[in-house]
Amino acid sequence: MKKYTYTEKKDTRSGFGAGLTELGKTNPNVVALCADLTGSLKMNDFEKNHPDRFFQVGIAEANMMGIAAGLTIGGKIPFTGTFANFSTGRVYDQIRQSIAYSGKNVKICASHAGLTLGEDGATHQILEDIGLMKMLPGITVINPCDYNQTKAATMAIADFDGPVYLRFGRPSVPVFMPEDQPFVIGKAIKLTEGTDVTIVATGHLVWESLVAAEKLESEGISCEVINIHTIKPLDEEAILESVAKTGCIVTAEEHNKYGGLGESVARCLTTNNPVPQEFVAVNDTFGESATPAELMKKYQIDNNAVIKAVKNVLLRK
C-alpha cells in the first residue's frame, strides 16, 4: 500500500486564503465579501491588496448573499466568506432564491465547518451544511481534505461557471496532498489500491482513513482509499469501479449521517450495484465544546471509527 506522510500541519482555511490571494493577482473579476470575519477566513491579504474588490458587509450574512448575487450580473465572480453555519443555515432562503434558482456564479466559501470547530460549541458546529447545499438544484459541493487541496479548489472554482459551496475547517491538519495536484471538480482521487474494502472519505476524514488503512494493512486487510473532494457531482464511476473489485464500502465524513456523503454513495450503490456499506459520520446529534481530537473520538469520526466500520462491513460481505 502506498504510504502517505506529512511534514507539517496547516488549517484548510489558510489554504482558502492562499488561493484567494493568487486569484486576486490573476483574475481581475474575482471579488470578495466577508461578514465581519476577515481574519478567521484568512482574507486579509486580498483585502489589503485589492481594497476596491473587497466588501466588508458586517454581521449581515443574508445581505452578503444578495450583494454577491447582484455582482455576478456585472460579470464579477464573488467569493463570500463566513463560518459554515452562517454560510448555509442562516442564509438558506437567500441562497435558494437569489443564487441557486437563477444559477448565479457565486462561490459560497465556508470555514469552521463540522465538529472540529472545537471549543466554540454546538451552536457553531454545523453538521447539516452539506445536506442543505447538495439538495439545492445546480449547486456544486466541494469539501477538500488539506491545505494544498483547499488552495487548489479555491482557484479551480473561479474558472467554473455556476454556484459553488466550498467547505473547509479551522484546525491544523496534516498536509499530504501534492502541492501541484490538479484539482478537477467532480473527479475523485484514488489514494491507495486495495482489494478487500473501499473507503471513500471527504474533508478531514481523508487523512483519518489513510491512517486507518495503514493500521488495517498490518492486520492483513487491504483497503482502497478514495478522496471524494467533490460531493456533488459525485464521481459515481470511481466508486462503482472500486466496489466491483472489493465488494463492500465504508463512507467517512465529518457531517451528520443524514444528508451527507454516505447517503449520496448509498443512492449510487442502490441504483447500480448494491453492496454492504458502513457509515462513519456523526449519529444524528449536535456537538459540544471540546478539542477537535476529543470530539472526533467521542462522536466516532476518527481513524479508530473507520477501522471499526471496515471490520463490520467485512463481516457482511
For the stretch 237-317, which fully contained helices (runs of 4 or more DSSP H) count at least 3 residues that are touching a residue at least 24 places away in the same chain (Cβ under 8 Å) and under 25 Å from LYS215 (Cβ atoms)? 292-298, 303-315
Selected residue [surrounded by 18 or more Cβ atoms within 10 Å (Cβ to Cβ) and basic (Lys, Arg)] from LYS257, LYS297: LYS257
Scan LEU71, LEU41 and give me the residue that is at pLDDT 95 or above, under 20 Å from ARG170 (Cα atoms) and of a type in the set (A, V, I, L, M). LEU41
Can you name the condition, by its number, that PRO171 falls short on among (1) free of Cβ contacts under 8 Å to residues at least 60 places away in the same chain; (2) within 20 Å of HIS255 (Cα to Cα)? (1)
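Would you kindly identify the helices (runs of 4 or more DSSP H) lying entirely within the stretch 6-122 that contain at least 3 residues that are within 19 Å of PRO163 (Cα to Cα)?
12-26, 61-73, 84-88
Conditions (1) out of contact with any His (no Cβ under 9 Å at 6 or more places or on another chain); (2) not acidic (Asp, Glu), marked per residue:
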{"site": "GLN97", "(1), (2)": "yes, yes"}
{"site": "TYR101", "(1), (2)": "yes, yes"}
{"site": "ALA110", "(1), (2)": "yes, yes"}
{"site": "GLY121", "(1), (2)": "yes, yes"}
{"site": "GLU128", "(1), (2)": "no, no"}
{"site": "GLY131", "(1), (2)": "no, yes"}
{"site": "PRO137", "(1), (2)": "yes, yes"}
{"site": "THR140", "(1), (2)": "yes, yes"}
{"site": "PRO144", "(1), (2)": "no, yes"}
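The values are calculated or read from the model by the stated rules, or taken from the named source; none is laboratory data. Remember, predicted model here, so these are calculated numbers, not experimental data. Using ideal geometry, Cβ is built from the backbone for each residue, glycine included, and neighbour counts are taken over all protein chains shown.
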